[in-house]
């Protein structure tokens, strides 16, 4: 891991050997003799040639030797290259003599000390324009040179025993500047910049590879060769000088002779300064990677495009494992970023990392191609690790089988044609019209179809019946000579037979610009795909049949790449890239189009709206708790029989049904195109959880431990909590719990099998409700005794909550800077410092906004303008009702949207609930206890997201379509229990941990506990948290169960509500946890698992119902037939909708305008018009209805006509 570096001047690094007359060196050239560097240079003052070699002693790193020759008489030195030769051919042999080549103007001269007879300077060339480098000729100890001449040839020269030496010329490369890189085998690879000829733009970085040695000892370059059917070479072979990177101002090579050449590249004409410098590296698998080099900009975050992947490590019960050591490697060399640090990983070279507080590892890899390196994540325990292709979602999108957060719907011809980056189309409409775009789009789909193995069928067939099978297809320029009609236009062609394929390919091979087959293409495939990706190589044609043939331009020649089969992801994506490149300038443009940018304005609007919504909920809760608290004396004890009856009814309802029963399963959540989304695509989406990942990483944990700020606290909240606990201690609730929960191991076994991997889904709901039934009497008596303290505590929390949430909150790391930067990106003028409430609502804003866009459409926002919708206030609260006058259909649509947002909060908040369950008994990595500020963050996140924005918002009577006083007030009473749980959870975060009586407490409400000694250890949850939460759950389940029964809520809605109340009951399994006790950790894990299963299941049920539910639709002017006076008439008006478990049946049919014929009525339950008409005539009227969703969704108003005859 590189954390930082800096240049350091060391005047004593080189020993200049006093008396040698050398004071400095310039024009340095590095040559490796084996793995030993030898530097050749010249003294700027004297022109003396100098060799610098590694020094093994004397305290110096290098030694400089004056070679006794000078280039000053020849004129001003332009370039220099050289090295040493050994005395034998053994690589480890000592160095014997130096050789140098100097270019002064157009003259190239050799200097050496190898042979006294040849020691005099030797002229090599008089037309040299660029000195490329040196190489050791095959079978020789001598060093030859490479240079470019005035005719544009690449020339190699070496001694061969003759007077003039051996010259070899390679024409047609179009280079004006080049450098040679020697690999570990001494083979030569020439990298150079083009002069702008042969169809290749100027300043394109190209590479030419040596593949062998000639009989004369000169390098033999990779070539494309055209042959006839007998193998006879036709025409002149084309040097395979491959374009890599366009628009390069300058570059430099890393001379080290390994298997991974690297170039430091300076681009020209870039839009952003951060894109100007990059390090391009090729790994052993010939795949290139690009790492941008950025200069410091004062600490502001950089916007960087990455593929982001996440892996969550779960134990056998499905509980996340924070701080777990993991190892990450890759198929090819690639830079990954984890928790703000960079690591270079590859085959056999991994990075040792650890999961974050969520048990998750989030990995970012550079997004500059459609085929990033495949990653491997391994840890101790599992038989096999995770294999990740970071661009898998992009592949699915282009294949038409998936969606992306950045796109509306699936990949289509229209989406391809309208694709833009920074407002500029990625397909130039001046070069490629609609037909070409359509043909390229068709070709992309066919490549994926061929790779799927299901066989190709015609995409051009327009007849009746199924499309016929085809043998292959091609996408590319018509095989005609340049300048003729049709040349250059991309077309899609289908082949019914192998003979048609052969004829098509032969037509391409017959073109005058055809340069032959590149036989050793697979050795340098990485170069070709790098050039294609960067737009340096133009693709002429792609033909897919039994094998895939790709034709590309090398210079001005069409070169055929050796065929390959679409049997791997790599081969398939490369073929897709080739097709795309025919109409798109660079593959990186496609990546930029598909990347999902954060809409910081929408995210901040959501954050602002959620904060406003929480203030609304707090206000409603305070007034409602006061209203009911003042009337509750003795009320709870009187409810004993009703509570018992409700719990018994629930047990009967759930008899034989586990927590994961099919009746509780929601419909599939879909994206705007109708594609189903797995739960993980919502809750584990790396984009949705990006902000959370910044907070939960090990780096933030370490920074939090080092933070000097004090934990947040509120004196009034602490005082009110103390009064409540004093009153609670005077009840027998604790004794009741001790009796009911005496054998917790047996209770756990009754609820679920801890050893079962599906323990959560198989948990017995009846066993849980049975626990509630046994605790209910004690809970009701305790509630009567503490009601006054509850009211005081709840209203105190409401009064001081906003101030407490706005207090500065220091996590000690980059999160503080990031929080301010996001505000700037969102256009916030009054930038605020980090606060606990601000951070949590921002995290919720990220998750809610990105998830909402995923399912509703990329252009949609949950809270446009940052406005939280109006909610009808309770009648006992004297505030204006902004919903008055709003059309019921509009209002209920807003309420349904709030349910969707609430569902997202539940899905997201379930993870915080699990962490809150585990904090008391699970240490984070080797660091021990969780930092108190992070505990506050986890506790508040669980309170505001899971309990607040999910539990409290979703159960608010108007949001569910219920009146505040409906079902005899049962809906409101259930909401009060949910609100009290939220307020207590929030208030606990602000308890003064410095006071003596709170010193051992955690800021997580469900874990608060009286300090007691049990068996030599401190029990962290002896009486308070689990028991109070459990008691509140009893109240919520009893009241909501009664409300559902009185309101005739459909089974789906009832199941969703009951599931949402179960997590508090599961918390009872954490009674008397001990920090170091294995049994306690086991129970905490089970509780966390059940908590997550119940919360997320109920939240998904709410979310899915809201997303899938659409308003009913009544078709206008339905054929109602004719009625006759005096004869019975009956006709049913039909509507779509209201057929699913969460919105059935349709109801509340009404006549919106006009009148029915005299004697007829409309049944509000069925939409049936019936009766006996009493008068003739034609009646025009309109009708509407609602479904049974909560809140009900209103249909359109449809006009009808009914004629009654005499």
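Here segment 1-58 is the region considered, the condition is being part of a loop (DSSP other than H, G, I, E, B), modelled with pLDDT of 80 or more and in contact with a strand residue (DSSP E or B) (Cβ under 9 Å, 6 or more places away or on another chain), and the residue that is nearest to residue 181 (Cα to Cα) is 25. A single member of 905, 914, 893 is part of a helix (DSSP H, G or I), within 28 Å of residue 976 (Cα to Cα) and modelled with pLDDT under 90, and it is 914.
Criterion first (surrounded by fewer than 16 Cβ atoms within 10 Å (Cβ to Cβ) and either at pLDDT 85 or above or part of a loop (DSSP other than H, G, I, E, B) (or both)) does residue 455 satisfy it? The answer is yes for residue 455. On the given criteria, is residue 1165 touching a strand residue (DSSP E or B) at 6+ places or on another chain (Cβ under 8 Å), surrounded by fewer than 17 Cβ atoms within 10 Å (Cβ to Cβ), part of a loop (DSSP other than H, G, I, E, B) and not assigned by TED's automatic domain parsing to the domain that holds residue 888? Taking the combined requirement at face value, the residue satisfies it.
Per-residue answers, yes or no, for (1) under 18 Å from the mean Cα position of the chain (by Cα); (2) within 30 Å of residue 626 (Cα to Cα); (3) outside the structural domain of residue 408 (by TED's automatic domain parsing); (4) buried (at least 17 other Cβ atoms within 10 Å of the Cβ):
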| site | (1), (2), (3), (4) |
| --- | --- |
| 833 | no, no, yes, no |
| 841 | no, yes, yes, yes |
| 845 | yes, no, yes, yes |
| 855 | yes, no, yes, yes |
| 860 | no, no, yes, no |
| 881 | no, yes, yes, no |
| 885 | no, yes, yes, no |
| 888 | no, yes, yes, no |
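If you filter segment 741-757 down to residues that are modelled with pLDDT under 70 and part of a helix (DSSP H, G or I), you find that the one that is farthest from residue 776 (Cα to Cα) is 745. Filtering segment 758-771 to residues that are modelled with pLDDT of 75 or more and over 16 Å from residue 1070 (Cβ atoms) leaves 764, 765, 766, 767, 769, 770. Going by the structure shown, is residue 591 more than 25 Å from residue 1046 (Cβ to Cβ), in contact with a helix residue (DSSP H, G or I) (Cβ under 6 Å, 6 or more places away or on another chain), outside any loop (DSSP other than H, G, I, E, B) and in contact (Cβ under 8 Å) with a residue 60 or more places away in the chain? Here the answer is no, as residue 591 does not meet what is asked. In the set (1) out of contact with any strand residue (DSSP E or B) (no Cβ under 8 Å at 6 or more places or on another chain); (2) surrounded by fewer than 18 Cβ atoms within 10 Å (Cβ to Cβ); (3) in contact (Cβ under 8 Å) with a residue 60 or more places away in the chain; (4) assigned by TED's automatic domain parsing to the domain that holds residue 430, the condition left unmet by residue 512 is number (3).
On the basis of being touching a residue at least 24 places away in the same chain (Cβ under 8 Å) and farther than 15 Å from residue 950 by Cα, does residue 857 make the cut? Yes. For segment 577-603, residues that are within 15 Å of residue 821 (Cα to Cα) and touching a strand residue (DSSP E or B) at 6+ places or on another chain (Cβ under 6 Å) total 0. In this structure, does residue 828 turn out to be at pLDDT below 95, surrounded by fewer than 19 Cβ atoms within 10 Å (Cβ to Cβ), assigned by TED's automatic domain parsing to the domain that holds residue 975 and under 27 Å from the mean Cα position of the chain (by Cα)? Answer is yes for this residue. Assess whether residue 377 counts as being surrounded by fewer than 18 Cβ atoms within 10 Å (Cβ to Cβ), touching a strand residue (DSSP E or B) at 6+ places or on another chain (Cβ under 7 Å) and within 30 Å of residue 323 (Cβ to Cβ). Judged against the criteria, residue 377 is not a match. The set of residues from segment 1132-1153 being touching a residue at least 40 places away in the same chain (Cβ under 8 Å) and in a strand (DSSP E or B) comprises 1135, 1147, 1148, 1152, 1153.
Any residue at all in segment 415-429 that is part of a helix (DSSP H, G or I) and touching a strand residue (DSSP E or B) at 6+ places or on another chain (Cβ under 6 Å)? Looking for residues that are part of a helix (DSSP H, G or I) and touching a strand residue (DSSP E or B) at 6+ places or on another chain (Cβ under 6 Å), one finds none in segment 415-429, hence no.
Figure legend. Inter-residue proximity from segment 70-83: first residues in a helix (DSSP H, G or I), second residues at pLDDT below 90 and surrounded by 16 or more Cβ atoms within 10 Å (Cβ to Cβ), beta-carbon distance below 6 Å, spacing 6+ or different chains. Indicated pairs: 72/47. So residue 566 ticks every box in (1) touching a helix residue (DSSP H, G or I) at 6+ places or on another chain (Cβ under 6 Å); (2) modelled with pLDDT of 90 or more but one. Which box is left unticked? Checking residue 566 against (1) touching a helix residue (DSSP H, G or I) at 6+ places or on another chain (Cβ under 6 Å); (2) modelled with pLDDT of 90 or more, the one that fails is (2). Against the condition out of contact with any helix residue (DSSP H, G or I) (no Cβ under 9 Å at 6 or more places or on another chain) and either farther than 21 Å from residue 440 by Cβ or assigned by TED's automatic domain parsing to the domain that holds residue 417 (or both), how does residue 597 come out, does it pass? Here the answer is yes, as residue 597 does meet what is asked. Residue 430 falls short of the stated requirement of being surrounded by fewer than 21 Cβ atoms within 10 Å (Cβ to Cβ), in contact with a helix residue (DSSP H, G or I) (Cβ under 9 Å, 6 or more places away or on another chain) and without any contact (Cβ under 8 Å) to a residue 40 or more places away in the chain. Would you confirm whether any residue within segment 293-308 is surrounded by fewer than 17 Cβ atoms within 10 Å (Cβ to Cβ), in a strand (DSSP E or B) and at pLDDT below 80? Looking through segment 293-308, at least one residue is surrounded by fewer than 17 Cβ atoms within 10 Å (Cβ to Cβ), in a strand (DSSP E or B) and at pLDDT below 80. Would you confirm, using the coordinates I've provided, whether residue 570 is surrounded by fewer than 22 Cβ atoms within 10 Å (Cβ to Cβ), closer than 30 Å to residue 520 by Cβ and within 26 Å of the chain's Cα centre (by Cα)? Against the criterion (surrounded by fewer than 22 Cβ atoms within 10 Å (Cβ to Cβ), closer than 30 Å to residue 520 by Cβ and within 26 Å of the chain's Cα centre (by Cα)), residue 570 qualifies. Scanning segment 90-132 for residues that are at pLDDT below 75 and over 24 Å from residue 253 (Cβ atoms) returns 90, 92, 93, 94, 96, 114, 115, 116, 117, 118, 119.
Residues satisfying the criterion are absent from segment 521-531 (criterion: buried (at least 17 other Cβ atoms within 10 Å of the Cβ), in a strand (DSSP E or B) and at pLDDT 90 or above). Hey, any hits in segment 1172-1181 for a residue that's outside any loop (DSSP other than H, G, I, E, B), in contact (Cβ under 8 Å) with a residue 40 or more places away in the chain and not assigned by TED's automatic domain parsing to the domain that holds residue 1053? No.
The values are calculated or read from the model by the stated rules, or taken from the named source; none is laboratory data. Since this is a predicted model, take the numbers as computed values, not measurements. Using ideal geometry, Cβ is built from the backbone for each residue, glycine included, and neighbour counts are taken over all protein chains shown.
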